[in-house]
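Worksheet for the structure shown next.
The values are calculated or read from the model by the stated rules, or taken from the named source; none is laboratory data. A quick note: this is a predicted structure, and the numbers were derived from the prediction, not measured. Counting neighbours? That spans all protein chains shown, and the Cβs are built from the backbone with ideal geometry, glycine included. Note: accessible area is taken over every heavy atom of the protein model, side chains too, but ligands, DNA and RNA are not part of it. Shrake-Rupley method; radii C 1.70, N 1.55, O 1.52, S 1.80 Å.
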Amino acid sequence: MKQKITFKLNNEERLVEVDPAWTLLYVLREVLELTGTKEGCGYGECGACTVIIDGQSVNSCLYPILEVEGRTVTTIEGLREASGELHPLQQAFVNEGAVQCGFCTAGMIMSAKALIDQNAKPTEADIKESIAGNLCRCTGYVQIIDAIKTVAGGRRT
Amino acid sequence: MRLPPFEYLEPATVPEALAMLDAYRDKAQIIAGGTEVINRLKLRLISPDCIMNIKKLRELDGIVEQEQSLVIGANVSLKELQDSPLLRDKYKAIAEASLQVAAPPLARMGTIGGNILQNTRCLFYNQSAIVLKGLEVCHKRGGTTCLAVKGGKRCFSVYQGDMAPALIAFDAQCVLEKNGARRTIPLVDLFTGMGTHPLSIENNELLTGIIVPKQNGAYGSTYRKLRVRGSIDYPLASAAALLALGADGTLAVSRLVIGASGPAPRIVAGAPAALSGKLPEDADFAAAAEMAYELSEGVDNLALPGDYRKKMVRVFARRALQGARTDIKGWM
Amino acid sequence: MSDLTTVGKKITKRDAPLKVTGGASYIQDLKIPGMLYGGILYSKYAHAKILKLDTTKAERLPGVIAVITAADVPGNFRFGIMKDNPPLKAGRVRSTRDEIAAVAAVSAEIAAAALELIEVEYEELPGIFDPLEAMKAGAPLIHEEMKSNILKMPWKLVCGDVEAAKNESAYVVSDTFRTQWATHCCLGTSGCIAVFDMGNNLTMYSNTQIPSLAQNDYFEALSAFGLKNRRVRIVQSAIGGGFGSKLDTYAYEYIAILLSMKTRKPVKFIFSREEEFFATSPRQCTITKISQGCDKDGRLTFREIEMVLDNGAYTSWGATTPSVMMMPISSLYKVPNVKYVAQCVYTNNTYSQAMRGYGNPQATFAIESSLDQLAEEAGLDPYELRLRNANEPGELTPQNFKVTSCGLKECMAEVVKRLDWKGKKGNGNGRGVGMASLIHVGGGARVYKSDGCGTIIKMDDRGKVDVLTGATEIGQGSETVIAQIVAETLGVSIDDINVINNDTDVCPWDVGAHASRSTFVAGNSALGAAQKIREQMLAVAAQNMDVDPAVLDIKNGVVFSTQDKEKIMPLSKVLRKAHYTPGGNMFTAEHFYDPPNENFDKEFKGNLSVSYAYGVHGVEVEVDRETGQIKILNYIAAHDVGKAINPMLLEGQIYGGGLMGIGYALGETMIYEKGHLKNGNFLDYKIPTAKDVPPVQAVIVETDEQAGPFGAKGIGEPGLVPTAPAIANAIYDAVGVRIRDLPITPEKVLRALQEKAQADAERSGA
């Protein structure tokens, strides 16, 4: 039995008909065709599916869709400024070599954004903690951490 | 990878939830944060007829300080526990446990109730259907054999929850409600010690809160866990300790609890006798840690070998006791 | 080369903006209208007879369009280097990743449901999971048609006279080392979409690293399937990681082709994470016996190695890793006498293929651990022993490698300085330092008949450049480096360069993104084509400007005379002049660069690569004596890269490779029990997280390799070659125990410490 839910997605009100057994990740990718959020494992162990719900970073592959009712969801597609300019985090990732194959990138950026929105001056430990659930196999994390540091004001490139 | 079909229930109040549980019994699976249940659904380890989301039950929110105790609602998220100054100051082991669970997104979604009520784990059990198909049906799956221990007559799955050992160190109690009845039992008694059926919660009962008695005087606590990586990993051995001095300056209360060392978190019952009535020294802590070692199980069913994990229980038990001591002014 | 404008600069990766906005299309994201979803049924047992296979119920499930088994595969088609691997197995299964049946359905859910309806009756057979057991005479045969479980691929390298050298050595050490199955863990799993057109020509949407070779593999498959002489087109999506996992073709790709043939619809396969773990081929595991010796002055005299490789149930590139292992064996340090023998043995385990380093990390673990043992035996500091035997520019190694540029000594010096080697060595107190070196191919690797890569460059009327390259972008930045090389050569802005690299209909041939060859080979190919275009443009400009082309240069899209700055001509004008004239011309150029390296001769000797990359890793560790846990206090990775065309991307390769190496050394292992993978998930297979990153320094040493584009050599793989032995050596310095089998888990360290304590007590007569 499909149900209708409403929620705010990337600053827009959405009304979607969903099967209760769907996860938020499934709805984003397959129903809403927002494929920027990736499925890396499906079990909440890699963070590639990270999105922001009500200001908190969560694994969308584990998030039951009915739980999304009435909430505010932000995905990677919702980060750019209205002018089309990249969000500072996105620009920093580009500038500092934080993107190699790019599969983990959306999840990383969302985790970093959730951190910076809550804590304008995170320490390096805070930054590592914020992406502790986002696995990357290409970069060794160093340039990712540097990119987040740049946006957090702790570092000049 | 897709979830099996189910009916979705969202009770708005506890009485509503309890009525639903009465009606559905074991056909309903309770979900709060979903971090464990969704995984088990995807692995087809469970196939309930309905999922009951209890996130809307406001009665299950909040960390409330009362006169003699702290009451933590079952729906309090692990992140809320991490951020609580009260826990950091007065219930340090509990705060430390919450900081070491999994990874940040899971801590945001996960609740203390869910973490306590997690099922036991084993490399031979927590697999998907594809892998399990090729293996004999073990005790935990309703069969008659153990895949981790040849000829094992019982289930050796491991309880890997981080919150329970720390809470038990503080002698926490849990409140279980069902239609028409409410019982409060020591949290440690929630665990049966049986890998096949690790929790003694009935299928129409709801865990609504945790009561942590206040500790007075000079005391310290800590939670230590063995993991391979700095994040994500469940504990492969863990220990929580609470030490409190009496009015005469000797140790009056000591609670040493070990986790990831068998199907249930265990209180090291012999520890108080070894430690109380004096200011214990490292040799006394070592003796208590030895008891922890004797009590623990180490079977080859997790990421590191069982005998190593058993040895680490001894190390972490001792370190937990030493860690609890550091906060007690005037002791060391 | 004094004032480079693009090469040598930290240019941002050109696919990064698309990737940070979620706009890149990986194979997971691609959809073709009407496409079907595929699923594979794997064997329940590691070794069994299939007595009955009934797909009727699956076929009848609404939404299932086709179900195939081995009976549906035309001919006796087998793939893989030994042609021993049928895409669908019949009669007997030899591993838990054997594919028995496959379905194509209208949705992924229905495909999964259909698999559950396929009925299989097995007769379980005893399996062989130890290659040493499988080698013994009389062991049951994994493949009955072969006479032995030992692969007919005898690897043997003999240089000089090892026996004589042994007798003349003052010091000799011998030991056995083991390495484990580790796997790539690309965040993007494997997948493809197979589509046929009305002429039965195949298009594969794919995340392969070997588009041209895969094209060939599919071409042969189509022939075997009855579709002779078809066209095959590979279109690559954005690739979510490679590391060698996509260096061979897999059964699922042929299955996709077969299902697409049968259904006449596009068929998509995407591996789940757990399929990615158990059904892709991991790094080759090894059992290595090694002896090394030196004279009384610490000069290496010989190196003798015997290896056994678990080949698993079928053969992929793992069986060819000895060809690369020979490289450090014969040419890491100056060793005049070398003997190497390797045997690959069939078992009922998983089978291996390429993984970053391709055998080099495995061999280097043994060689560099053993070298420290030799240093101790000879009473020398491990750094001193390495320095005395360090390779030097201009050397010819026993395997006939011609060493051109070589920065090994410089890398060692960097490590020693930055690690404070002299200050930290031998302090005890649970802390120690260790180092290990590496040699790797840096100028391509002639492992195939061709090591070439083609580039076609065309220019439009406005000065915009299209570069069509055979090189594959797997995230390492090859397309950015190519753009830099072309921009630098043509004197244009890098923003004017467009790189097309993902369509075999359009792009020239390339043997693949492997052997750290993209910068060197694809770079030289692009450089060659760009130089041809530059010549063409300068010729036209010279004519129009009435000067000798030799005095002209191009910068910022403007041609100018170096002798008279007033004489200028914008490039766009040059292009239009050439085009908009009767009998006009548009500038295009192509260059196929096949490096002048050599295939091995019958004795496995020959100059494998045009240049060799060197490096040294140094690490300081702290060992927790109670738990055996290792903490890395400092990590120095010094690499001789020839020239850093893009220092930012290069550092990314060093950091990424280094952390992958740390995972390989300390925590990653595939836990198999009688052929069943027990930890096929990110929880129990421990790849490092952000909280596991140690303090690390990437040190770039530039030795200006003459044969490389702007002096560059390769860096893709070296980052994880010496990691494990550097850590093992540091642990030995810290607490006096040596772990000989990877990964170095806390449990192994603790056990070794306890055994050492016991042995020390016995020795002192306690």
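In table form, for the structure just shown:
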quantity	calculated
Residue match in the stretch C:33-43 (condition: more than 21 Å from C:Ala251 (Cβ to Cβ) and either open to solvent by less than 40 Å² (accessible area, probe 1.4 Å) or within 14 Å of chain A (Cβ to nearest Cβ) (or both))	yes
Residues satisfying the stated conditions in the stretch C:735-750, i.e. within 13 Å of another protein chain (Cβ to nearest Cβ) and either under 22 Å from the mean Cα position of the chain (by Cα) or closer than 20 Å to C:Ala182 by Cβ (or both)	C:Pro743, C:Ile744, C:Thr745, C:Pro746, C:Glu747, C:Lys748, C:Val749
Every pair of residues 6+ apart whose Cβ atoms lie under 8 Å, when the first sits in the stretch C:423-448 and is in the same structural domain as C:Asp640 (by TED's automatic domain parsing) and over 19 Å from C:Val403 (Cα atoms) while the second is open to solvent by 40 Å² or more (accessible area, probe 1.4 Å) and among the hydroxyl-bearing types (Ser, Thr, Tyr)	C:Gly432/C:Tyr732; C:Gly434/C:Tyr732
Unique residue being among the acidic types (Asp, Glu), in contact (Cβ under 8 Å) with a residue 24 or more places away in the chain, crowded, with 24+ Cβ neighbours inside 10 Å and touching a Leu at 6+ places or on another chain (Cβ under 7 Å) when the list is A:Glu77, A:Glu45	A:Glu45
Total residues in the stretch C:1-17, condition within 11 Å of another protein chain (Cβ to nearest Cβ) and either of a type in the set (Ser, Thr, Tyr) or without any contact (Cβ under 8 Å) to a residue 12 or more places away in the chain (or both)	3
Unique residue being open to solvent by 10 Å² or more (accessible area, probe 1.4 Å), part of a strand (DSSP E or B) and either within 30 Å of C:Glu144 (Cβ to Cβ) or touching a Phe, Trp or Tyr at 6+ places or on another chain (Cβ under 7 Å) (or both) when the list is C:Val345, C:Val341	C:Val341
Qualifying residue in the stretch C:316-332 (condition: open to solvent by 10 Å² or more (accessible area, probe 1.4 Å), at pLDDT 95 or above, assigned to a loop (DSSP other than H, G, I, E, B) and on the phi < 0 side of the Ramachandran plot)	no
Selection count where residues are open to solvent by less than 40 Å² (accessible area, probe 1.4 Å) and either more than 9 Å from chain C (Cβ to nearest Cβ) or within 20 Å of B:Ser128 (Cα to Cα) (or both), scope the stretch A:20-42	11
All positions within the stretch B:275-289 that are within 14 Å of another protein chain (Cβ to nearest Cβ) and either open to solvent by 10 Å² or more (accessible area, probe 1.4 Å) or acidic (Asp, Glu) (or both)	B:Asp282, B:Ala286
Residue count for the stretch C:218-252, restricted to those that are in contact with an Asp or Glu (Cβ under 8 Å, 6 or more places away or on another chain), away from every other protein chain (no Cβ under 14 Å) and touching a residue at least 40 places away in the same chain (Cβ under 8 Å)	6
Single match in C:Ser174, C:Ser212 (criterion: in a helix (DSSP H, G or I), in contact (Cβ under 8 Å) with a residue 60 or more places away in the chain, outside the structural domain of C:Ala513 (by TED's automatic domain parsing) and over 21 Å from A:Cys138 (Cβ atoms))	C:Ser212
Subset of the stretch C:271-297 [under 23 Å from C:Tyr45 (Cα atoms), outside any helix (DSSP H, G or I) and out of contact with any helix residue (DSSP H, G or I) (no Cβ under 6 Å at 6 or more places or on another chain)]	C:Phe271, C:Ser272, C:Thr280, C:Ser281, C:Pro282, C:Arg283, C:Cys285
Residue within the stretch C:610-622 that is in contact (Cβ under 8 Å) with a residue 60 or more places away in the chain, within 20 Å of C:Val403 (Cα to Cα) and either out of contact with any strand residue (DSSP E or B) (no Cβ under 9 Å at 6 or more places or on another chain) or in a loop (DSSP other than H, G, I, E, B) (or both) present	yes
Within the stretch B:191-251, strands (runs of 3 or more DSSP E) holding 3 or more residues that are open to solvent by less than 10 Å² (accessible area, probe 1.4 Å) and more than 23 Å from B:Leu295 (Cα to Cα)	B:206-213
Residue in the stretch C:174-209 that is least open to solvent (accessible area, probe 1.4 Å), counting only those that are more than 23 Å from the chain's Cα centre (by Cα) and under 23 Å from C:Leu309 (Cβ atoms)	C:Asp175
Residues satisfying the stated conditions in the stretch B:57-70, i.e. surrounded by fewer than 15 Cβ atoms within 10 Å (Cβ to Cβ) and either in contact (Cβ under 8 Å) with a residue 24 or more places away in the chain or of a type outside the set (A, V, I, L, M) (or both)	B:Arg58, B:Gly62, B:Glu65, B:Gln66, B:Glu67, B:Gln68
Evaluation of C:Phe604 against (1) assigned by TED's automatic domain parsing to the domain that holds C:Met459; (2) open to solvent by 30 Å² or more (accessible area, probe 1.4 Å); (3) of a type outside the set (Lys, Arg); (4) under 30 Å from C:Gly442 (Cα atoms) (one fails), failing number	(1)
Checking C:Gln706 against (1) surrounded by fewer than 24 Cβ atoms within 10 Å (Cβ to Cβ); (2) free of Cβ contacts under 8 Å to residues at least 60 places away in the same chain; (3) part of a loop (DSSP other than H, G, I, E, B), the condition it does not meet	(2)
Residues (among the hydroxyl-bearing types (Ser, Thr, Tyr) and more than 14 Å from chain B (Cβ to nearest Cβ)) located in the stretch C:675-734	C:Thr703, C:Thr723, C:Tyr732
Scope the stretch C:1-43; condition in contact with an Asp or Glu (Cβ under 8 Å, 6 or more places away or on another chain), within 17 Å of A:Leu34 (Cα to Cα) and aliphatic (A, V, I, L, M); matching residues	C:Ala24
Residue pairs meeting the criteria (Cβ under 6 Å; at least 6 apart or on separate chains; first among the acidic types (Asp, Glu), in the stretch C:54-80; second surrounded by 21 or more Cβ atoms within 10 Å (Cβ to Cβ))	C:Glu59/C:Val67
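This table checks each residue for (1) surrounded by fewer than 24 Cβ atoms within 10 Å (Cβ to Cβ); (2) more than 18 Å from the chain's Cα centre (by Cα); (3) modelled with pLDDT of 95 or more.
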{"residue": "A:Ile65", "(1), (2), (3)": "no, no, no"}
{"residue": "A:Ala92", "(1), (2), (3)": "no, no, yes"}
{"residue": "A:Thr105", "(1), (2), (3)": "no, no, yes"}
{"residue": "A:Leu115", "(1), (2), (3)": "yes, no, yes"}
{"residue": "A:Gln118", "(1), (2), (3)": "yes, no, no"}
{"residue": "A:Ile127", "(1), (2), (3)": "no, no, yes"}
{"residue": "A:Gly153", "(1), (2), (3)": "yes, yes, no"}
{"residue": "A:Thr157", "(1), (2), (3)": "yes, yes, no"}
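Residue-wise test of (1) facing chain A (nearest Cβ under 10 Å); (2) under 20 Å from the mean Cα position of the chain (by Cα); (3) at pLDDT below 95; (4) over 22 Å from B:Phe191 (Cα atoms).
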{"position": "B:Lys42", "(1), (2), (3), (4)": "yes, no, yes, yes"}
{"position": "B:Val64", "(1), (2), (3), (4)": "no, no, no, yes"}
{"position": "B:Arg88", "(1), (2), (3), (4)": "no, yes, no, yes"}
{"position": "B:Ile94", "(1), (2), (3), (4)": "no, yes, no, no"}
{"position": "B:Leu106", "(1), (2), (3), (4)": "yes, yes, yes, yes"}
